[in-house]
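These notes are about the structure you will find just below.
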Amino acid sequence: MQNYIDAETAPEKNTGTIKLHNAEAFEAMRHACQLTANCLDELAKLVKPGVTTNEIDKFVFDYGMAHNAPPATLNYRGYTKSCCTSINHVVCHGIPNDKPLRDGDIVNIDVTYVLDGWHGDSSRMYVIGEIKRAADRLIKVTYDAMMLGIAEVKPGNTTGDIGAAIQEYAESQRCSVVRDFCGHGLGKLFHDAPNILHFGRRGEGIELKEGMIFTIEPMINLGRPGVKVLGDGWTAVTRDRSLTAQFEHSVGVTKEGCDIFTLSPAGYTMPPYG
Ligand code: MF3
Ligand code: CO
Ligand code: CO
């Protein structure tokens, strides 16, 4: 049995109980998430060969500060950057540094702004110059997998329906789903209940109810699903060093389906953008 609680009366911490948010919360989430989406749109101009991930990080920090929205990752559990930049075989939580991006790289940029106390969490893939066909295919499979997962979001469906849709599609395309990281509830908290697994079986998991807010953020590999975390305690890479990709949207469950809060104002979906 799974417990749900009116988010208004819930303690502001992760108790494992699933918060159900009202229309006001959805509106606040839309604002935070659109700021994040706007930043990801703007980044399309900056992400070019020669730019360093620290320069990307500085843009994300400055953009947030200019809009009264601190990046949630800054000083989060010891993380010291304003975004994550995960290149090629880096699955997630890549730490920005002074290495320039190179022609042929693919990079996920993951941004979370906190606006008026609400978290807008989204990530997209970016491509640097000409990329290999396999990389292009992986990016398309990952984006489509995320959207197929989102298509399952409606009251009465379960978290297992989301995971199954993502896994079935990714594996049908001879790709694999990372098991070690998942989507998550969010709102006034960055990471809240429930976990949203990107694999699973239809009908299993938690029943979706109107008012739930969570992310869907599948990490899909060209090779095997295994990952390991490097000595810095953050950078997760594929064990077989195969290419990996990720997209992330924040969504809210509505009466009929869901709102995708982090849709691109510019209409960007998959790279190349613009
Ligand atoms: N934004 C990531 C997510 O999608 C979390 C990054 S936490 C960090 O949940 F500390 F690594 F930045
Ligand atoms: Co997230
Ligand atoms: Co994120």
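The values are calculated or read from the model by the stated rules, or taken from the named source; none is laboratory data. Nothing here was measured: the structure is a model prediction, and the numbers come from that model. Neighbour counts run over all protein chains shown; Cβ positions are idealised from the backbone, glycine included. Each accessible area value is taken on the protein alone, full model and side chains, heavy atoms only, with ligands, DNA and RNA left out. Shrake-Rupley method; radii C 1.70, N 1.55, O 1.52, S 1.80 Å.
Pairs of Lys residues in region 17-260, spaced 8 or more positions apart or belonging to different chains, with C-alpha separations under 23 angstrom: 28 in total. Any idea how far the Cα center of region 186-219 sits from the one of region 74-121, in Å? Between the Cα centres of region 186-219 and region 74-121 lies a distance of 21 Å. Averaged over residues, the count of other Cβ atoms within 10 Å places the peptides 132-144, 179-191, 208-220 in the sequence 208-220, 179-191, 132-144, highest first. At full extension, GLU168 and VAL51 could sit 38.5 nm farther apart than now, given 0.36 nm per residue minus the alpha carbon distance. Surface exposure of the chain, expressed per residue as accessible area with a 1.4 Å probe, stands at 44 Å². Is the chain rounded, prolate or oblate when judged by the Cα gyration tensor, a ≥ b ≥ c being the square roots of its eigenvalues, rounded requiring a/c under 1.5 and prolate requiring a/b larger than b/c? Judged from the Cα gyration tensor, the chain comes out oblate (a/c at least 1.5, b/c at or above a/b). Summing charges over all other residues whose Cβ lies under 13 Å from the Cβ of ALA7, with Lys and Arg as +1 and Asp and Glu as -1, gives -2.
Shape of region 79-150 from the C-alpha gyration tensor: oblate (a/c of 1.5 or more and a/b not above b/c, with a ≥ b ≥ c the square roots of its eigenvalues).
Applying 1/(1 + (r/R0)^6) with R0 = 35 Å to the Cβ-Cβ distance of THR80 and THR269, what FRET efficiency is obtained, to the nearest 0.05? Efficiency at R0 = 35 Å is approximately 0.65. Based on DSSP H segments of at least four residues, each scored -39500 (n - 2.57), the chain has a per-residue ellipticity at 222 nm of -8500 deg cm²/dmol.
Here region 190-258 exposes an accessible surface that is 47 percent carbon and sulfur, computed with a 1.4 Å probe and the other protein chains kept in place.
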